[in-house]
Amino acid sequence: MIHIKMIHLAAQYLAAAGISFLDKKQDDSHTNLGFDAKKGYLETWPLNEGGCKIVFDYTQFSLHWITNNTARMTLQLDGKTHREIVKWMDEVTTALGRTKTYSYKLHYELPYGKMTDSFVFTKPLQRELNQALEFRRIAHRALENVVEKMKFDTNIRIWPHHFDSGGYETIKNIGLGFGMAIPDTMVNDFYLYTSGYSGHDGIDTSNFDEITFGEWKNDGFKGAVLPMQDVTEAKAITFFNESIRKYKAL
């Protein structure tokens with residue numbers, strides 16, 4: 001799925017901006033990304049007091065420099081090399097009045113091998129970009145709905161390493177992670193997940209009742225999963241509500 005690779009790699013320039021310019025957080029949250037479901041943007045935290053951000057635009061397959069909620073500069077990624085993108089990022093972030101320079105140095109490994117200066121980005125098919133964006137929108141809106149209705153404290157953010165949209169809440173000494181993951185060795189599709197932990201150990205799900213959409217896994221990963229094909233926002237909300245309530249009832 002080359003389009004997922006291209007989008008995932010593009011998001012790393014935003015994560016690198018967080019690493020370069022924001023105060024380091026112990027939980028690595030300075031690297032995570034927001035999502036503007038209306039505009040279809042992944043976005044950094046504000047990089048200065050003026051609220052400047054770098055965003056990735058799914059539909060255009062481009063990066064924007066945002067000030068006052070307006071795109072001031074844009075870089076189309078199709079055909080650009082890694083070296084050219086890093087140079088652009090360094091140039092636009094001079095507007096931060098920064099004391100640090102932009103540096104593409106990730107402290108985690110991605111599953112695509114080492115990034116080289118000569119790596120060239122190729123724009124995925126428009127239908128692939130649109131589908132990836134729609135999956136992200138459905139998941140994000142469902143997650144926001146569940147967080148609001150259940151009065152959770154977590155924010156829904158995108159973690160650039162594994163590229164999942166997710167939240168984390170502690171309920172009665174159970175750590176609860178829930179969100180949407182990109183395809184991996186367990187599910188060959190974007191998929192929703194809910195998983196509970198006692199300490200670092202996944203909670204056994206073998207005696208959990210069936211849920212309306214999706215299924216419980218208990219081998220390796222312990223939790224509920226639902227592939228995103230044909231999932232609506234309503235189905236996603238039902239999945240999260242039912243799976244989270246199983247853990248809340250323990």
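Summing +1 for each Lys or Arg and -1 for each Asp or Glu among the other residues whose beta-carbon sits under 12 angstrom from that of LYS87 gives -2. Dipole of the chain computed with +1 at Lys/Arg Cβ and -1 at Asp/Glu Cβ about the Cα centre; of GLN26, ALA16, MET6, farthest Cα towards the positive end is ALA16.
If you line up the long axis of helix 126-149 against the longest principal axis of the chain, both from Cα atoms, how many degrees apart are they, to the nearest 10? Around 50 degrees separate the two axes. The sum of -39500 (n - 2.57) across all DSSP H runs of n ≥ 4, divided by the residue count of the chain, sets its helix-only mean residue ellipticity at 222 nm to -9500 deg cm²/dmol. Matching the structure-derived mean projected area of the Cα convex hull in nm² against the labelled list (1) 15.8; (2) 19.7; (3) 13.7 gives the label (3).
Can you check what the net charge comes to around ILE171, using other residues whose Cβ is under 13 Å from the Cβ of ILE171 (Lys, Arg +1; Asp, Glu -1)?
Surrounding charge for ILE171 is +3.
For the pair ASP219 and LEU110, the difference between a 0.36 nm per residue extended length and the Cα-Cα distance amounts to 36.8 nm. Report, in degrees rounded to the nearest 10, the 0 to 90 angle that the Cα long axis of helix 82-92 makes with the longest principal axis of the chain. Helix 82-92 and the main axis of the chain meet at about 80 degrees. Under 14 Å from the Cβ of LEU110, count the other residues' Cβ atoms, weight Lys and Arg +1, Asp and Glu -1, and hand me the total. Its environment carries a net charge of 0. The C-alpha atoms of the chain define a longest principal axis, and helix 2-21 lies at about 70 degrees to it.
Since every read-out is calculated from the coordinates, none of them should be taken as a lab result. The structure displayed is predicted, hence computed values, not measured ones. Backbone-built Cβ (ideal geometry, glycine too); neighbour counts: all protein chains shown.
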